[in-house]
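Structure, as structure tokens:
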Amino acid sequence: MNQNFISFEGGEGAGKTTVIEALARFLKEEGYNFITTREPGGIQIAESIREIILDTKHTAMDGRTEALLYAAARRQHLVERIIPSLQAGKVVLCDRFLDSSLVYQGMARNIGLDEVLVINNFAIENCMPKLTFYFDIEPEKGLARIAKNKDREINRLDKENLDFHYNVRNGYLKLLTMFPERIVKINADRPLEEVVAETTAKITEYLKQV
Ligand code: TYD
């Protein structure tokens, strides 16, 4: 069942949301049965938790509180949306999943990978994506893209300093070495059409063999 579960990861401004939208158009044309969804959120309870986490007024939020809230939102999203979709035979394209917590809370916020993994194992009960695309770009370039795109909301995490975003990138590169069989790195420092084309080719090849 989990072979149809695919997640997308990356730092700020890597373009993953735009790539997912393009992929969705492609999969629709090809007649795939699929859903796209996002973390933190995707369903009402998790979207409400997301508002608490990303509220720019919540500067006092403790790192472990943040990690627990992400894990809670993930749990609800999983049982209410992801698992039923997988059970119905659908492909699930999820914008961020567990790796975001490992990187942002575990590594960039320094809570520790193992600590964050423990609370998340409780939340997900082994339901992990089989394939993860990681969109890699230097933090300065990603943040410059966001600054250009004025329609996009600026959230609490976007306001972190550059060091934080470097830690995020290094965190993802570390995860790549830990889970090479699951995570595929995509160079996102290219025109978006090229990023879309490469991801589409890889996903098509993957879905043909599952
Ligand atoms: P969002 O606006 O969805 O950003 P993006 O378009 O980059 O995905 O905001 C999600 C933010 O939440 C993003 O900065 C990453 C962060 N995040 C975590 O810190 N931990 C998590 O477990 C998840 C899912 C997201």
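The values are calculated or read from the model by the stated rules, or taken from the named source; none is laboratory data. Bear in mind the structure is a predicted one, so any value in this text is a computation, not a measurement. For neighbour counting, all protein chains shown are included, and Cβ atoms are generated from backbone atoms with ideal geometry for every residue, glycine included.
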Fill in the blank from the handout: Note on the range 174-196: residues surrounded by 15 or more Cβ atoms within 10 Å (Cβ to Cβ) and among the hydrophobic types (A, V, I, L, M, F, W, C) are Leu175, Leu176, Ile183, Val184, Ile186, Ala188, Val195, Val196
Practice task
Pick out the one residue from Glu160, Glu125 that is away from the ligand (no atom under 13 Å from the Cβ) and either charged (D, E, K, R) or on the phi > 0 side of the Ramachandran plot (or both).
Solution key: Glu125
Completion exercise
Apart from one, (1) of a type in the set (D, E, K, R); (2) farther than 21 Å from Gly106 by Cβ; (3) within 13 Å of the ligand (Cβ to nearest atom) all hold for Lys57; the odd one out is (3)
Exercise for the section: With the condition kept exactly as written, say whether any residue in the range 28-35 is outside any helix (DSSP H, G or I), aromatic (Phe, Trp, Tyr), under 16 Å from Val91 (Cα atoms) and near the ligand (Cβ under 10 Å from one of its atoms). Expected result: no
Fill in the blank from the handout: Given the conditions (1) more than 10 Å from the ligand (Cβ to nearest atom); (2) basic (Lys, Arg); (3) in contact (Cβ under 8 Å) with a residue 40 or more places away in the chain, every one holds for Arg25 apart from (3)
Problem - Residue pairs meeting the criteria (Cβ under 9 Å; at least 6 apart or on separate chains; first closer than 16 Å to Glu140 by Cβ, in the range 169-195; second assigned to a loop (DSSP other than H, G, I, E, B) and charged (D, E, K, R)) - result: Arg169/Glu138; Asp189/Glu138
Exercise for the section: Tell me which of these Thr56 doesn't satisfy, since it passes every other one: (1) modelled with pLDDT under 95; (2) in contact with a Ser or Thr (Cβ under 7 Å, 6 or more places away or on another chain). Expected result: (2)
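Here is a list: Leu86, Leu78, Leu93, Leu102. Which entry is aliphatic (A, V, I, L, M), buried (at least 20 other Cβ atoms within 10 Å of the Cβ), in contact with a strand residue (DSSP E or B) (Cβ under 8 Å, 6 or more places away or on another chain) and not in a loop (DSSP other than H, G, I, E, B)?
Answer to the selection: Leu93.
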Handout entry: Condition check for Glu198: free of Cβ contacts under 8 Å to residues at least 60 places away in the same chain and either of a type in the set (Phe, Trp, Tyr) or on the phi > 0 side of the Ramachandran plot (or both)
Key = no
